[in-house]
1. Looking at 675, 652, can you tell me which residue is closer than 30 Å to residue 765 by Cβ, crowded, with 17+ Cβ neighbours inside 10 Å and not aromatic (Phe, Trp, Tyr)?
2. Are any residues in the stretch 36-52 buried (at least 18 other Cβ atoms within 10 Å of the Cβ) and more than 12 Å from residue 622 (Cβ to Cβ), and if so, which ones?
3. Would you pick out the residues in the stretch 560-599 that are in contact with a Leu (Cβ under 7 Å, 6 or more places away or on another chain), surrounded by 20 or more Cβ atoms within 10 Å (Cβ to Cβ) and assigned to a loop (DSSP other than H, G, I, E, B)?
4. Hey, which of the strands (runs of 3 or more DSSP E) in the stretch 732-788, taking only ones fully inside, have at least 3 residues that are farther than 12 Å from residue 720 by Cα and in contact with a Ser or Thr (Cβ under 8 Å, 6 or more places away or on another chain)?
5. Evaluate the following for residue 617: is it part of a helix (DSSP H, G or I) and surrounded by fewer than 17 Cβ atoms within 10 Å (Cβ to Cβ)?
6. Could you grab the pairs with beta carbons closer than 6 Å, sequence gap of 6+ or different chains, first residue in the stretch 483-500 and in contact (Cβ under 8 Å) with a residue 40 or more places away in the chain and charged (D, E, K, R), second one part of a loop (DSSP other than H, G, I, E, B) and surrounded by 15 or more Cβ atoms within 10 Å (Cβ to Cβ)?
7. Across the stretch 669-694, what is the number of residues that are touching a residue at least 60 places away in the same chain (Cβ under 8 Å) and either part of a strand (DSSP E or B) or farther than 20 Å from residue 323 by Cα (or both)?
8. Could you check residue 153 against (1) under 28 Å from residue 64 (Cα atoms); (2) modelled with pLDDT under 80; (3) exposed (fewer than 15 other Cβ atoms within 10 Å of the Cβ) and say which number it fails?
Amino acid sequence: MNGGNIVKNNILGFIILIVAALFIAAGLYADWLWFDSLSYLSVFKTVLFSKIIMGITAFLAFFSFLWLNFIILKRRIKVSNQRIYFSVMAAVSVIAGIVSSSYWFTALRFLDFTGFGFVDPVFRNDIGFYIFVLPFYNFVLMLLFFMLIAAIIMAAVSYAFSSKPKKMGREEVPGQNMPFGFEPGFPKIKMEFPKKGKAHLAYLSGILLLVAAAFFYLKRYSVLASARGAVYGAGYTDIHIIIPLYFILAIISLATALIAFSYSYMQNAKLVIIGMVVLLVALLGGNFVAGIVQLLYVEPNEFNLEEPYIKQNIKHTLFAYGLTEVNARDFPVAYNLTLDDIRNNPTTINSVRLWDWRPLLTTSKQIQLFRTYYDFVDVDVDRYIIDGELRQLMLSPRELDQKQLDRKAQTWVNQKFVYTHGYGIVASPVNVVTQEGLPELFVKDIPPKTAYEELEVSQPRIYFGEKTDGFVVVNTKAKEFDYPLGNENVFATYEGRDGVQLSNMLRKTVFSIKLASLNLLVSSAVTDESKVLLRRNIIDRIKTIAPFLEYDTDPYIVINDGRLFWIIDAYTTTNKFPYSESVFGLNYVRNAVKVVVDVYNGDVNFYIIDKEDPLIKNYAKIFPSLFKDFKEMPLGLKEHIRYPEDLFKVQTRIYGTYHMKDPQVFYNKEDVWRTPMEVFESNQIELSPYYIIMKLPDADKEGFFLIIPLIPRGKENMIAWFTANSDPENYGKLEVFELSKQELTFGPMQIEARINQDTEISQLFTLWNQQGSEVIRGNLIVIPIEKSFLYIEPVYLKASATGALPQFKRVIVAYDDKVTMQETLEDALNVVFSGKAMQKQSEKIRQETGKVLVTLEEKFAKASQLYEEAQAALQQGDFAAYANKIEELGKVLGKD
């Protein structure tokens with residue numbers, strides 16, 4: 001019976017193993033076909049074969065070493081069940097192989113070492129040693145450590161079970177007389193290993209101690225990432241205590257290993273134990289001494305002792321974050337702007353963002369989705385040359401969200417065959433508002449309509465996007481939905497290059513297994529011409545191809561030659577750069593790659609934009625067919641590259657502290673800069689960097705920049721503004737413009753406070769918020785112009801009801817000591833610089849109400865009176881009078 005169960009269990013296990021192997025094989029073959037369809041099969045092969053080689057090498061190393069130890073065991077003791085030993089060794093070796101295969105990239109980076117041409121100040125090693133070489137050494141030591149531990153455990157357990165207990169006599173128990181003739185006391189039993197077994201374990205321990213010696217020797221390099229001292233990196237205590245300590249520990253480990261190797265001659269295990277105790281005491285004692293030195297010697301005299309290491313931290317951190325070449329310039333503020341200066345900068349003024357992306361996204365969803373299954377995920381800011389003029393636009397692709405289909409319509413056929421893609425795009429200028437307070441749409445509707453040749457979209461279908469997810473099958477017998485047309489639907493057939501053709505039963509079976517979809521195998525709608533489109537989420541798509549890069553969180557859409565493309569910024573990063581401050585788990589970053597994805601064909605191209613980055617040089621050696629030179633990017637796409645906001649935020653955070661290059665000033669943190677806050681809606685949030693078309697001081701023409709104002713820590717006045725150039729010819733050039741520390745330049749929250757304190761503006765806000773509406777204060781933009789700053793904040797009005805439509809209502813402009821809120825930017829600028837628009841506005845109110853309201857106080861008083869009269873009429877049930885009062889109130893407030 002037991003034998004039958006064993007046979008059944010073996011058969012069941014074998015079947016499970018075969019099924020698992022088939023699933024793995026199906027997944028690999030499906031991925032092979034997918035990579036091949038994108039012309040990246042060589043990338044897949046490199047990764048796959050590297051994993052296989054790493055796994056097999058580790059498996060063979062583990063199994064060979066354990067088998068050698070097993071042979072030694074057999075010569076020393078009787079092994080009763082070799083099958084158990086074989087199974088355990090195989091299982092341990094398989095685990096080791098699987099774990100080691102995940103280190104494929106560590107091995108490849110080691111083999112294709114690339115130098116930085118920049119050495120650390122302590123060991124004088126090229127930085128590439130710490131990023132490409134040291135991780136591989138540590139991996140090898142880890143592998144050897146666990147190999148030896150497995151061998152020691154296997155040997156120790158085997159010798160323990162094979163040794164015979166030795167009776168050592170009895171231990172007397174005072175005051176007890178044992179009845180029935182038993183002798184008093186308890187027998188003492190001692191398990192004694194055979195001498196050859198002890199020698200075997202001593203040899204294994206000796207090898208383990210050699211690994212420990214290598215570990216401690218390499219551990220010296222870890223002090224370059226120490227956080228013990230005043231800054232990140234090796235400090236006084238690390239240099240004078242910890243590095244010598246690790247060297248001493250390596251010597252002790254080596255000496256103890258030699259003692260262990262000599263056990264077969266000396267037969268004295270106590271010496272080995274003493275060596276290990278000395279090692280442990282030295283480790284604990286050394287760290288204790290380091291703590292005492294740091295506390296009692298270094299901290300009381302910290303700057304004098306740490307100064308040379310602070311200098312290295314500043315130098316290495318600026319290099320690691322690409323901040324070494326920041327061009328710092330003085331920006332003396334002079335409040336002497338005139339209307340002529342404004343007119344002389346038309347491109348900058350015409351690119352002022354009157355639309356905050358958050359209200360605009362809500363508005364676009366209300367007026368341009370048309371069907372519930374469409375969605376706008378984000379609003380992207382970019383620049384286009386339209387009719388010969390550089391214009392800043394805000395774009396949103398219309399993606400399809402299958403989750404928003406009616407619940408009954410969420411069938412497998414609809415989700416995989418019918419509703420396969422989004423359609424079109426919405427684009428609007430940042431500075432144009434219709435009479436209804438809505439954005440003027442340069443590209444709109446389904447199919448896309450535009451009056452501008454540069455924005456024409458001939459292929460509007462979006463098969464790959466930010467929200468697009470899940471596989472679909474195209475070119476089936478089912479009708480593929482294209483777009484709605486009135487009460488009817490238009491259908492289409494996919495003609496793009498992407499997809500793996502399901503040309504035979506094998507492929508259908510493989511992808512049915514890969515995608516866990518039996519319907520794909522049995523559906524009669526799938527033909528030999530059908531293609532399956534996988535990994536349609538663009539981030540998932542590019543991460544699958546190049547998982548070793550980090551990707552920006554804000555992909556953006558681009559119109560080029562009538563087609564739509566996604567551009568995603570990719571970064572090379574590491575957390576192993578010596579002496580560099582760590583932020584968000586990394587301490588080195590470069591925007592080395594621009595990734596372009598065709599929204600229709602699914603083509604993915606990786607363009608190297610930073611050819612000097614050692615990491616991308618290393619990766620290009622590993623994957624020579626993956627990367628392309630930036631020169632190969634189509635010119636139309638080059639014109640739309642942007643400096644990434646995620647990177648700029650990190651650099652701003654670092655530079656806010658590391659612009660202080662004087663060690664004394666840095667140590668005291670005397671001049672730390674930070675990102676200011678702003679008011680959005682009614683909440684304070686951190687001001688985000690924003691894109692703007694502007695002309696830098698002394699520049700000949702405008703450029704496209706990412707900009708952020710900076711304020712001192714603990715204060716709200718502006719101290720500097722930081723820019724990153726996005727133009728292809730000057731891409732990545734960073735400049736900081738420092739303001740005088742002796743003169744006050746208003747920061748964003750100080751302007752927000754002045755807006756709140758303005759009685760005319762605050763009264764209108766209060767009135768609007770009382771009428772079942774909600775005032776939304778948009779993003780505050782600080783615009784450097786000439787030698788001054790303009791502060792501009794749009795204001796929107798939204799009904800409190802769900803699904804309300806935010807409408808542009810006013811724009812606030814502040815300059816020097818002036819603050820005004822007007823219906824248009826032109827009016828606001830005229831008020832600030834001449835006061836003429838106020839007269840124009842007052843005349844408009846006079847015509848509508850029959851009363852001259854020279855100031856907003858009078859306007860507010862009239863509006864309050866009409867509001868109270870309307871409420872009184874409503875309470876009395878006089879709805880006609882209520883309607884008349886509300887209509888009159890609307891005229892006072894400038895409503896239609």
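1. Details: 652 fails: closer than 30 Å to residue 765 by Cβ.
Only one candidate qualifies: 675.
2. If the condition is that a residue be buried (at least 18 other Cβ atoms within 10 Å of the Cβ) and more than 12 Å from residue 622 (Cβ to Cβ), then 37, 38, 40, 44, 51 are the ones that fit.
3. 578, 579, 599
4. Numbers: elements: 734-738, 773-777, 781-785.
Ranges flagged: 773-777.
5. Numbers: part of a helix (DSSP H, G or I): yes; surrounded by fewer than 17 Cβ atoms within 10 Å (Cβ to Cβ): no.
No: the conditions fail for residue 617.
6. 497/601; 498/601; 498/602
7. Residues of the stretch 669-694 that are touching a residue at least 60 places away in the same chain (Cβ under 8 Å), as a first pass: 676-682, 684, 687-688, 690-694.
From what is left, the residues that are either part of a strand (DSSP E or B) or farther than 20 Å from residue 323 by Cα (or both) are 676-682, 684, 687, 690-694.
Qualifying residue count for the region: 14.
8. Residue 153 satisfies all of (1) under 28 Å from residue 64 (Cα atoms); (2) modelled with pLDDT under 80; (3) exposed (fewer than 15 other Cβ atoms within 10 Å of the Cβ) except (2).
The values are calculated or read from the model by the stated rules, or taken from the named source; none is laboratory data. Source: prediction; values computed, not measured. Positions of Cβ are backbone-derived with ideal geometry, glycine not excepted, and every protein chain shown enters the neighbour counts. SASA here: full protein model, heavy atoms, side chains in, ligands and nucleic acids out. Shrake-Rupley method; radii C 1.70, N 1.55, O 1.52, S 1.80 Å.
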